[in-house]
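K.L.:
Take this structure, written in structure tokens, and hold onto it; I'll ask about it next.
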């Protein structure tokens, strides 16, 4: 039996490697758990019904400026950092609704379906390279290039700008952890913002058939995005267009290779792929929490007072294993129904890019397993390691071998 370390350190190695044990403890023993997260007092809520309620509770907000006299941070930070943290995902209604209405058309199911042929072509090109090598890291060879290429093309990034785009992505994804975070916040984010702003300025005078040009020139009831809002939205789309899909493709493949009975079931019933994606989102979804939420007033929950200004975390990963919401939750079942998981969140901040992540993943995993039906892990299962990044299920690598 795993010995827990309390209070839970959300960005600690022990939590990352023993999430399931912590999930059970939280739901059964501490449905509101007080801890620390990046030097802030945080309250973790873990039961399914509580997470759903929290994500709709008007007393729980995203925009910290309402609690700090118009400031996002208690100490001065570079403008580029403040800009990045002021994107739609960290806004509350009515401003969140305004921003979302200006971008939602680009991510409608109809708009996303148009990308299917391009994603299919891209995956086959990558699979040709994998077949030649025989053994690769799925992350670097397949899971990462797909969403990076798709979101870059959606934003109208030119071939000559792709290296800068890749550097921007690396900065925003990998630089916000460990000791490197200081350099990232003081220098790298500023460089990333400068690249995005240059891209926006080019689209202002040379609009093309891409999402960035659409964001710049779209109006909704007389409202348009300011340049700063467009830059913040672009940064958000880069992050959201990458993180969830990379993790979902990686975690889907790993889950299938770790559950050969379910993999065989999928081979025999390929129509189950959509249901299988939903089960991966529940069982080992790439995101197990949300952005920072804050109590706008003192809130009493399960007899625990959550003081005003405190961080409130809905632990979506724990909620997705709640036996009150799912039958036999510890079983990985690709035909599970119903499956009302919280893998893409809930409420007004439900993931805008969910249709795109689902489409990219469906095409990617279908083509991968059709091309290589005898695909294997190139290392023992226990050597698949999750990255020590709070509130994500992100493998450091998924070595695979094709036959």
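Read-outs: derived from the displayed coordinates by stated rules, not from any lab. Values in this document were obtained by computation on a predicted structure and should not be read as measured data.
K.L.:
What whole-number distance in Å separates the alpha-carbon centres of segment 113-175 and segment 289-313?
P.N.:
38 Å
K.L.:
Please check: in the Gaussian network model of the chain (C-alpha springs, under 10 Å), which one of 170, 80, 152 has the largest mean-square fluctuation.
P.N.:
Sorting by GNM fluctuation, first place goes to 170.
K.L.:
I would also like to ask the following. If you build a Gaussian network model of the chain, linking Cα atoms that sit under 10 Å apart, which residue out of 379, 389, 189 swings the most?
P.N.:
Checking each option, the largest mean-square fluctuation is seen for 379.
K.L.:
In 5 Å bins starting at zero, report the fraction of Cα pairs in segment 16-163 per bin as a rounded %.
P.N.:
Binned Cα distances yield the sequence 2, 6, 9, 12, 12, 12, 15, 15, 10, 5, 1, 0.
K.L.:
P(r) for the chain, please, calculated from all Cα pair distances in 10 Å bins and given in %.
P.N.:
4, 22, 32, 27, 13, 2, 0
K.L.:
Okay, moving on. For the chain, what does the helix formula give at 222 nm: sum of -39500 (n - 2.57) over DSSP H segments with n ≥ 4, over the residue count, nearest 500 deg cm²/dmol?
P.N.:
Roughly -14000 deg cm²/dmol at 222 nm, from the helical runs in the chain.
K.L.:
Follow-up question, since we're still on this one. Taking the Cα centre of each part, how many Å lie between segment 1-63 and segment 215-254?
P.N.:
Taking the Cα centre of each part, segment 1-63 and segment 215-254 sit 27 Å apart.
K.L.:
What number does segment 226-374 give for Rg over Rh if you use C-alpha atoms and the Kirkwood radius?
P.N.:
Dividing the radius of gyration by the Kirkwood radius yields 1.04.
K.L.:
Considering only C-alpha atoms, what is the centroid distance from segment 373-403 to segment 272-288, in Å?
P.N.:
The distance from the Cα centre of segment 373-403 to that of segment 272-288 comes to 16 Å.
K.L.:
To continue, here is another question. Percent relative contact order of segment 13-401, based on C-alpha pairs within less than 8 angstrom and at least six residues apart?
P.N.:
Over segment 13-401, the number comes to 27 percent.
K.L.:
Select from 153, 206, 229 the residue whose mean-square fluctuation is largest in a Gaussian network model of the chain (Cα-Cα springs shorter than 10 Å).
P.N.:
Between 153, 206, 229, it is 206 that shows the largest mean-square fluctuation.
K.L.:
Separate question: By the gyration tensor of its Cα atoms, with a ≥ b ≥ c the square roots of the eigenvalues, what is the shape of segment 103-171: rounded for a/c under 1.5, prolate for a/b over b/c, or oblate?
P.N.:
Oblate.
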